[in-house]
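Participant: Take a look at this one; I'll ask things after.
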Amino acid sequence: MSNKNNKDGAQSVGNGIRGMDLLRNPAHNKGTAFTKAERDALGLRGLLPPGVLTQQQQAERILRHFRNARSDLDRYVLMNDLMDRSEQLFYKVVMDNLEEMLPILYTPTVGQACQEYGYIFRRPHGVYISARDRGHMPEIFNNWPHKDIRIIVVTDGERILGLGDLGANGMGIPVGKLQLYTACAGVPAKHCLPVMLDVGTENQELLNAPLYLGHKKPRLRGKEYDDMVEEFMVAASEAYPGVLIQFEDFANPNAFPLLKRYRDRFCVFNDDIQGTGSVAMSGILSSLKITGQKLSDQRFLFLGAGAASMGIGDMLTALIMEEGVSKEEARQHSWFMDSTGLIVAGREKLTAHKARYAHPHAEIKDFCEAVKALKPTTIMGASGQPGSFSKEVLRAMAEVNERPIVFALSNPTSKAECTAEEAYRYTDGRAVFASGSPFAPVKYKHKTFIPGQGNNAYIFPGVGLGVVASKSKHVTEEMFFIAAKTVASLVDEDDIAHGRTYPPFDKIGEVSLDIAVEVAKLAWDNGLAQVDRPVDIREFIRDLRYDATYHNHAS
Ligand code: NAI
């Protein structure tokens, strides 16, 4: 992953492109920051106002617009417009202000952006492969201007956050995730490709909408769907050998089979299953530091038994097994409730994934009743059902636990099972709380609580960087396991004192680097890496990272 920006920045300004073409090329455009010498050398005289700004001044100007914007959606549009003008300035602003930018570029604002994608669409930021493109996939990849693609994030738009089927409008998700790869871990943007696999939509509102830009047909299902995904996997891996493919926001009935089908054939992972499992496991490890409890004493009750919950359950099972117990015993610690009720042994029509966690118990339909009956130490919501961690549920948790652990993971914010404020208020300030989307600090009874954000952005950028740096053939479960432990190890005394289950987000660059080093070590130790092991892995990876700072043209 050579990075021209780092290695020979001075010579690469403009990259041979000149004049107006240069100003219109986001990969090389510095706009008003082109120096006088550069303007002369690159055919820019007269094409810019005479004043020359530094990158820092440009960044301040952008931030002023950003903060004055009327809505978060306007901020989203403003930032994506900036990416279309100057990629380096975009990443400079994002990387220097990550905590402020994350809720705009990703959840919750990206959810609204996807819902409105047809109205705010300006330029394509990735490739669209629709059901009409069967037989033409190599041509599509050939049309994409960058050839050295190392990471693809692909969605079929069927389960966008907790918002359901948004069809081709779901493209905002791969775009946002790949921006985080660059902003959080420093994977150069030119190596990243967002892909929308547009197999149609079942969202009638979109099918009726005149401005909907997707393939206006019902979703492909069954063999037709499988064949299209297969064609994509083969074409992408042929166009970009060894590329890491991240499955994102596929609906539950496709998410598990696709991962199973491809995990040993290609370099793939599913972030909703594995990334979520990892970030939640990390949050649990930190929560136990806060509550001072043992893992073996925990009982987890999940609301939702989909990709996210099952991914977390499996990761916790693996963690408990480290204490020397069997898989069967470890699974006894996790209970799941889906839209039909508590998953118990003997319940009809249980999928294989759910059946593994069906323990003997009477059927229960109501979540609060399940809390009272099972007395969990942790409730974990990934159901997309806002308000389901009601006052009664939270009170019941506080009754049986000194420090109840409450993770309301559904995204975006409007879908969270409870708010941070509710979690602290109804447990009398005793809850250890984390959410999927951000919540502001909460003041309760003269104390300030800082809610943890169990955002997958703590995990996948670092894992991806480690995989790409080592050119690992596969992404293994062990990699997500080590990533979770790495993040938890970075939660310090100060975080614990504030009840914070994750390190502050402004440390994400170092967090991602630490994860990448551990992941790459695993790849080399397990014979998966396809490049020689460097003497100093950390230095090797550090050198590969994207540099958002401008370099000047040698005059
Ligand atoms: P999914 O569609 O695979 O699963 C949803 C589950 O919720 C299903 O088991 C369904 O039966 C259950 N459910 C629906 N209504 C229910 C009800 N009234 N009572 C009980 N259960 C009910 O979706 P997935 O991928 O598991 O995601 C679920 C939510 O988790 C989404 O809002 C998503 O945004 C969020 N999520 C959060 C992450 C994070 O914070 N790090 C990462 C991944 C997902």
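Participant: Express the relative contact order of the range 100-250 as a whole percentage, based on alpha carbon pairs under 8 Å and six or more residues apart in sequence. Working shown, then result.
Facilitator: Values: 253 pairs, mean separation 48.8, N = 151.
Computed over the range 100-250, the figure is 32 percent.
Participant: Please work out whether the range 458-529 counts as rounded, prolate or oblate from its C-alpha gyration tensor, where a ≥ b ≥ c are the square roots of the eigenvalues and a/c under 1.5 means rounded, while otherwise a/b larger than b/c means prolate and anything else oblate? Walk me through the numbers before you get to the answer.
Facilitator: Values: a/c = 3.17, a/b = 2.38, b/c = 1.33.
Verdict is prolate for the range 458-529.
Participant: Could you work out the relative contact order of the chain? I mean the mean sequence separation of Cα pairs under 8 Å and 6+ apart, divided by the number of residues, in percent. Kindly include the intermediate steps, with their values, before the conclusion.
Facilitator: On the way: 1048 pairs, mean separation 87.2, N = 555.
The value is 16 percent.
Participant: Aspartates and glutamates within cross-link reach of K30: Cα-Cα under 15 Å, excluding same-chain residues under 8 positions apart?
Facilitator: Straight-line reach from K30, under 15 Å: D21, E38, D40, E60, D81, D84, E87, D547.
Participant: Now for a different question. A37 to K507: extension gain in nm, 0.36 nm per residue of separation minus the Cα-Cα distance?
Facilitator: Working: separation 470, 0.36 × 470 = 169.20 nm, distance 3.67 nm.
Result for the pair: 165.5 nm of gain on full extension.
Participant: While we're here: Rounded to the nearest 0.05, what FRET efficiency is calculated for K447 and N526 with R0 set to 45 Å and r the Cβ-Cβ distance?
Facilitator: Details: r = 46 Å, r/R0 = 1.02.
Approximately 0.45, to the nearest 0.05.
Participant: Separate question: From the square roots a ≥ b ≥ c of the eigenvalues of the alpha-carbon gyration tensor of the range 100-250, which class results: rounded (a/c under 1.5), prolate (a/b over b/c), or oblate? Before the final figure, lay out the partial values.
Facilitator: On the way: a/c = 1.75, a/b = 1.05, b/c = 1.67.
Because a/c hits 1.5 or more and a/b fails to exceed b/c, the range 100-250 counts as oblate.
Participant: Sticking with this structure for a sec: Per residue of the range 182-195, in order, report the coupling 6.51 cos²θ - 1.76 cosθ + 1.60 (Karplus, θ = phi - 60°) as ³J(HN,Hα) in whole Hz, putting x for Gly and Pro.
Facilitator: Once θ is set to phi - 60°, the couplings for the range 182-195 become 6, 5, 8, 10, x, 6, x, 4, 5, 8, 10, 9, x, 10 Hz.
Participant: Shifting gears a bit: How large is the accessible surface of R221 in square angstrom, using a 1.4 angstrom probe and rounding to the nearest 10?
Facilitator: Counting only protein heavy atoms, the figure is 110 Å².
Participant: For L244, what residues show an amide H to amide H distance below 5 Å, using hydrogens built from the backbone and excluding near sequence neighbours?
Facilitator: I151, I152
Participant: For the pair Q204 and E363, what calculated FRET efficiency results from E = 1/(1 + (r/R0)^6), where r is the Cβ-Cβ distance and R0 = 35 Å, to the nearest 0.05?
Facilitator: Step by step, r from the Cβ atoms, then E = 0.55.
Participant: Something else: Accessible area per residue, 1.4 Å probe, Å², for the range 158-275: what's the number? Let's see the in-between values first.
Facilitator: Working: 3770 Å² over 118 residues.
Computed with neighbouring chains in place, this is 32 Å² per residue.
Participant: Tell me the carbon and sulfur percent of the accessible area for the range 458-529, rounded to whole percent, probe radius 1.4 Å. Can you show the working numbers first?
Facilitator: Details: 1160 of 2240 Å².
Summing carbon and sulfur atoms, their accessible area is 52 percent of the total for the range 458-529.
Participant: Next question, about the same structure. With an 8 Å cut-off on Cα pairs and a minimum separation of 6 or more residues, tell me the relative contact order of the range 269-340 in percent.
Facilitator: Details: 74 pairs, mean separation 29.2, N = 72.
It comes to 41 percent, rounded to a whole number.
Participant: Put K147, K260 in order of accessible area, largest first, 1.4 Å probe: what do you get? Walk me through the numbers before you get to the answer.
Facilitator: Working: K147 110, K260 160 Å².
From most exposed to least exposed: K260, K147.
Participant: For the chain, with only Lys/Arg (+1) and Asp/Glu (-1) charged at the beta-carbon, what is the dipole magnitude about the Cα centre, in debye rounded to 20? Can you show the working numbers first?
Facilitator: Numbers: 64 positive and 68 negative charges, 162 e Å.
Roughly 780 debye for the chain.
Participant: How tilted is helix 307-321 with respect to the longest principal axis of the chain? Cα atoms for both, answer in degrees (0 to 90, nearest 10).
Facilitator: Between helix and principal axis, roughly 70 degrees.
Participant: Right, here's the next one. Mind ranking 13-22, 277-286, 404-413, 460-469 by how tightly packed they are, going by the mean number of other C-beta atoms within 10 angstrom, highest first? All intermediate terms of the calculation are to be shown ahead of the outcome.
Facilitator: Values: 13-22: 15.1, 277-286: 28.0, 404-413: 26.3, 460-469: 29.8.
For the peptides 13-22, 277-286, 404-413, 460-469, the packing ranking is 460-469, 277-286, 404-413, 13-22.
Participant: Can I ask one more? For the range 110-178, what is Rg from Cα atoms divided by 2.2 N^0.38 Å, rounded to two decimals?
Facilitator: On the way: Rg = 12.6 Å, N = 69, 2.2 N^0.38 = 11.0 Å.
Rg over 2.2 N^0.38 Å, computed on Cα atoms: 1.15.
Participant: Ignoring ligands, DNA and RNA, what accessible area per residue does the range 401-485 give at 1.4 Å, in Å²? Don't skip to the end; give the middle numbers.
Facilitator: On the way: 2760 Å² over 85 residues.
Per-residue value: 32 Å².
Participant: Taking a ≥ b ≥ c as the square roots of the eigenvalues of the Cα gyration tensor of the range 43-92, is the shape rounded (a/c under 1.5), prolate (a/b larger than b/c) or oblate? The partial results should precede the final answer.
Facilitator: On the way: a/c = 2.19, a/b = 1.87, b/c = 1.17.
Note, shape of the range 43-92 comes out prolate.
Participant: Let me ask another. Search the structure for amide H atoms under 5 Å from the amide H of R533, placed 1.01 Å from N in the peptide plane, and list their residues when 5 or more places away or on another chain.
Facilitator: Here the answer is none, since no amide H 5 or more places off falls under 5 Å of that of R533.
Participant: Further question on the same structure: Provide the per-residue ³J(HN,Hα) series for the range 151-166, in order, calculated from phi with Karplus coefficients 6.51, -1.76, 1.60 and θ = phi - 60°, each as a whole number of Hz, with x at glycine and proline positions.
Facilitator: The phi angles translate into 9, 10, 10, 10, 9, 10, x, 7, 9, 7, 6, x, 9, x, 7, 10 Hz.
Participant: Additional query: Suppose we look only past 44 Å in the calculated P(r) of the chain. What percent of the Cα-Cα pairs does that tail hold? All intermediate terms of the calculation are to be shown ahead of the outcome.
Facilitator: Values: 24505 of 153735 pairs.
Here the long-distance tail beyond 44 Å is 16 percent of all Cα pairs in the chain.
Participant: Please give the net charge around E348, taking every other residue with its beta carbon less than 15 angstrom from that of E348, where Lys and Arg add +1 and Asp and Glu add -1. Could you put the intermediate results ahead of the total?
Facilitator: Working: positive: R347, K349, K354, K365; negative: D338, E363.
In short, +2.
Participant: Here's something else I'd like to know. Hey, any idea what % of the range 316-369's accessible area is carbon plus sulfur with a 1.4 Å probe? Please list the in-between numbers first.
Facilitator: Details: 1490 of 2920 Å².
Here carbon and sulfur together make up 51 percent of the probe-accessible area.
The values are calculated or read from the model by the stated rules, or taken from the named source; none is laboratory data. Being a predicted model, the structure only gives us computed values, none of them experimental. Every residue, glycine among them, receives a Cβ derived from its backbone with ideal geometry; neighbour counts consider all protein chains shown. All accessible areas refer to the heavy atoms of the entire protein, side chains included, with ligands and DNA or RNA removed. Shrake-Rupley method; radii C 1.70, N 1.55, O 1.52, S 1.80 Å.
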